[in-house]
Amino acid sequence: MVLLGVIAVLVGVAVLVVEAHITTAGVLGVAGTLATATGVGMILGGAGAAWWVTVPVAAFLAIAGLVTMLIIAREVIVARHQEIRSGPDALVGSKAVVRSWSEREGQVSVAGALWHAELAYGWEDPMPAPGDTVVVAELDGLSVAVRRPHAWEVRPIWKPSSLSL
């Protein structure tokens, strides 16, 4: 009985590893959790533990594993509904430094790269000068539209003290 329990635990763990690498919407995860809990129960029963010890331990392991699976499933669902903030689209709202400017277009440095920049709608005089900080308002192909930063974007409202962690 102990050998059969060890085999069930090993199969359960193997199925959990497969679930971690191949998404099956939790089907293999539930099966692996139940197989592992059953295997532990079989090991305890085969080792001579009383049923009133074996059953609660196996049930606790099964419930703990299934609750963990539910928490992971909830996090996956939440992550799928979040907006992707990577790639060029993540530049919108970023601070940029003007490198060169002529009339209504120029070059700005943002996120470690030089981008062709144009003035965003509503920009009024004076034109940006090299070294000025601007904010990327929108992305259009390989060009960015820039705007003046708001006061709170240039000077943070809160400054960390030396006692901050």
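The values are calculated or read from the model by the stated rules, or taken from the named source; none is laboratory data. These figures come from a predicted structure and were not determined experimentally. Cβ coordinates were reconstructed from backbone atoms using ideal geometry, including for glycine residues, and neighbour counts include every protein chain displayed.
Numerical summary
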| item | result |
| --- | --- |
| Residue satisfying condition, being exposed (fewer than 14 other Cβ atoms within 10 Å of the Cβ) and of a type in the set (Ser, Thr, Tyr), within set 23, 33, 38, 54 | 23 |
| Residue list for the range 100-109, filter: more than 33 Å from the chain's Cα centre (by Cα) and surrounded by 16 or more Cβ atoms within 10 Å (Cβ to Cβ) | 101, 106 |
| Unmet criterion (only one of (1) of a type in the set (D, E, K, R); (2) assigned by TED's automatic domain parsing to the domain that holds residue 150; (3) exposed (fewer than 12 other Cβ atoms within 10 Å of the Cβ)) for residue 74 | (2) |
| Qualifying residue in the range 110-122 (condition: over 32 Å from the mean Cα position of the chain (by Cα) and at pLDDT 85 or above) | yes |
| Pairs, first more than 21 Å from residue 14 (Cβ to Cβ) in the range 31-59, second surrounded by fewer than 14 Cβ atoms within 10 Å (Cβ to Cβ) and not aliphatic (A, V, I, L, M), C-beta under 9 Å, six or more apart | 45/51 |
| Residues that are small (Gly, Ala, Ser), in a loop (DSSP other than H, G, I, E, B) and more than 28 Å from the chain's Cα centre (by Cα), drawn from the range 1-52 | 47, 48, 49, 50 |
| Lone unmet requirement of (1) within 26 Å of residue 136 (Cα to Cα); (2) modelled with pLDDT of 90 or more; (3) hydrophobic (A, V, I, L, M, F, W, C) for residue 91 | (2) |
